[in-house]
Amino acid sequence: VYFEIGQAVLSPIELKHLEFIAENIVAKADEGNVVITVMGSADSNTGTVKRNQYLSEARGKYVAGILTDKYGIGKDRIQIKSEVVNAAANPIFNRAVIFTF
(Lines give C-alpha, C1' and ligand atoms only; values in the text may rest on other atoms or scores of the structure.)
Protein backbone atom coordinates (compact mmCIF):
# COMPACT_ATOMS: atom_id res chain seq x y z
CA VAL A 1 0.00 0.00 0.00
CA TYR A 2 1.27 3.47 -0.86
CA PHE A 3 1.41 6.67 1.18
CA GLU A 4 1.32 10.28 0.07
CA ILE A 5 4.57 12.16 0.55
CA GLY A 6 5.17 12.98 4.21
CA GLN A 7 2.12 11.02 5.41
CA ALA A 8 1.84 8.11 7.83
CA VAL A 9 -1.87 7.43 7.24
CA LEU A 10 -3.43 5.95 4.14
CA SER A 11 -5.73 7.73 1.71
CA PRO A 12 -9.26 6.31 1.31
CA ILE A 13 -8.29 4.48 -1.90
CA GLU A 14 -5.26 2.90 -0.26
CA LEU A 15 -7.41 1.83 2.70
CA LYS A 16 -9.53 -0.07 0.16
CA HIS A 17 -6.38 -1.66 -1.23
CA LEU A 18 -5.39 -2.62 2.31
CA GLU A 19 -8.82 -4.18 2.85
CA PHE A 20 -8.28 -6.46 -0.14
CA ILE A 21 -4.77 -7.34 1.02
CA ALA A 22 -5.91 -7.91 4.61
CA GLU A 23 -8.61 -10.35 3.55
CA ASN A 24 -5.97 -12.40 1.74
CA ILE A 25 -3.57 -12.12 4.67
CA VAL A 26 -6.25 -13.35 7.07
CA ALA A 27 -6.96 -16.34 4.82
CA LYS A 28 -3.24 -17.12 4.60
CA ALA A 29 -2.71 -16.65 8.34
CA ASP A 30 -5.59 -19.00 9.09
CA GLU A 31 -3.86 -21.75 7.09
CA GLY A 32 -1.11 -22.14 9.66
CA ASN A 33 1.36 -20.48 11.91
CA VAL A 34 2.21 -17.73 9.42
CA VAL A 35 4.18 -14.66 10.49
CA ILE A 36 3.51 -11.53 8.46
CA THR A 37 6.32 -9.04 7.99
CA VAL A 38 5.12 -5.46 7.57
CA MET A 39 7.95 -3.36 6.09
CA GLY A 40 7.37 0.38 6.34
CA SER A 41 9.49 2.51 4.06
CA ALA A 42 10.23 6.11 3.18
CA ASP A 43 12.30 7.53 0.35
CA SER A 44 15.52 9.46 0.89
CA ASN A 45 14.70 12.10 -1.74
CA THR A 46 12.54 14.15 0.60
CA GLY A 47 12.87 15.13 4.24
CA THR A 48 15.66 14.54 6.69
CA VAL A 49 17.07 11.17 7.66
CA LYS A 50 15.41 11.48 11.06
CA ARG A 51 12.01 12.35 9.55
CA ASN A 52 12.23 9.51 7.03
CA GLN A 53 13.12 7.00 9.73
CA TYR A 54 10.14 8.21 11.76
CA LEU A 55 7.83 7.94 8.71
CA SER A 56 8.96 4.44 7.81
CA GLU A 57 8.42 3.24 11.40
CA ALA A 58 5.08 5.06 11.73
CA ARG A 59 3.79 3.60 8.46
CA GLY A 60 4.61 0.07 9.52
CA LYS A 61 3.04 0.50 12.96
CA TYR A 62 -0.05 2.14 11.49
CA VAL A 63 -0.70 -0.69 9.03
CA ALA A 64 0.09 -3.38 11.62
CA GLY A 65 -2.40 -1.70 13.96
CA ILE A 66 -5.11 -1.86 11.32
CA LEU A 67 -4.36 -5.53 10.67
CA THR A 68 -4.67 -6.23 14.38
CA ASP A 69 -7.57 -3.97 15.34
CA LYS A 70 -9.79 -4.24 12.27
CA TYR A 71 -8.93 -7.65 10.86
CA GLY A 72 -8.13 -9.58 14.05
CA ILE A 73 -4.63 -10.73 13.18
CA GLY A 74 -2.74 -11.37 16.41
CA LYS A 75 0.13 -9.05 17.29
CA ASP A 76 2.29 -12.14 17.80
CA ARG A 77 1.85 -12.94 14.10
CA ILE A 78 3.05 -9.55 12.85
CA GLN A 79 6.67 -8.46 12.64
CA ILE A 80 7.23 -4.75 11.95
CA LYS A 81 10.34 -3.55 10.14
CA SER A 82 11.29 -0.20 8.64
CA GLU A 83 13.73 1.18 6.10
CA VAL A 84 14.71 4.40 4.39
CA VAL A 85 15.28 3.71 0.71
CA ASN A 86 17.59 5.57 -1.64
CA ALA A 87 14.93 6.44 -4.17
CA ALA A 88 16.91 7.60 -7.16
CA ALA A 89 14.62 5.98 -9.75
CA ASN A 90 11.04 6.40 -8.56
CA PRO A 91 10.50 7.54 -4.97
CA ILE A 92 6.74 6.95 -4.96
CA PHE A 93 7.32 3.20 -4.85
CA ASN A 94 9.36 3.62 -1.68
CA ARG A 95 6.64 5.46 0.25
CA ALA A 96 4.89 2.20 1.02
CA VAL A 97 4.32 -0.72 3.30
CA ILE A 98 5.25 -4.07 1.80
CA PHE A 99 3.98 -7.40 3.14
CA THR A 100 5.85 -10.69 3.17
CA PHE A 101 5.05 -14.06 4.72
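Brief remarks on what is shown
- Database remark: amide H of I36 closer than 5 angstrom to the amide H of I78, Q79 (H placed geometrically; neighbours at sequence offset of 5 or more, or on other chains; Pro and chain starts carry no H).
- Spatially near lysine pairs across the chain, Cα under 26 Å, sequence gap of 8 or more or different chains: 15
- Under 5 Å between amide hydrogens, built in the peptide plane, is the criterion, and for V85 it picks out A42, D43, S44 among residues at least 5 positions away or on other chains.
- Simple label model, 7 Å out from Cα along Cβ direction - Q7 to I21, nm: 1.4
- What the phi angles of the stretch 47-56 give under the Karplus curve with 6.51, -1.76 and 1.60, with θ = phi - 60°, is a coupling list of x, 8, 4, 4, 5, 5, 5, 4, 4, 5 Hz, glycine and proline written as x.
- Of all accessible heavy-atom area on the chain, the percent that carbon and sulfur account for (1.4 Å): 56
- Solvent-accessible area per residue, Å², over the chain with all protein chains present [probe radius 1.4 Å]: 58
- Potential extension, K61-K75 segment - 0.36 nm per residue separation minus Cα distance: 4.0 nm
- Farthest toward the positive end of the dipole of the chain, out of P12, A58, N24, is the Cα of A58, where the dipole comes from beta carbon charges about the Cα centre.
- Calculated mean residue ellipticity at 222 nm for the chain: -14000 deg cm²/dmol, from DSSP H runs with n ≥ 4 weighted as -39500 (n - 2.57), summed, divided by the residue count and rounded to 500.
- Here the calculated FRET efficiency for Y54 and V34, from their Cβ-Cβ distance with R0 = 22 Å, stands at 0.15, rounded to the nearest 0.05.
- Per DSSP, loop trypsin sites (Lys or Arg not before Pro) in the stretch 1-89 with at most 16 further Cβ within 10 Å: K70
The values are calculated or read from the model by the stated rules, or taken from the named source; none is laboratory data. Being a predicted model, the structure only gives us computed values, none of them experimental. Counting neighbours? That spans all protein chains shown, and the Cβs are built from the backbone with ideal geometry, glycine included. These accessible areas exclude ligands, DNA and RNA; they are computed on the full protein's heavy atoms, side chains included. Shrake-Rupley method; radii C 1.70, N 1.55, O 1.52, S 1.80 Å.
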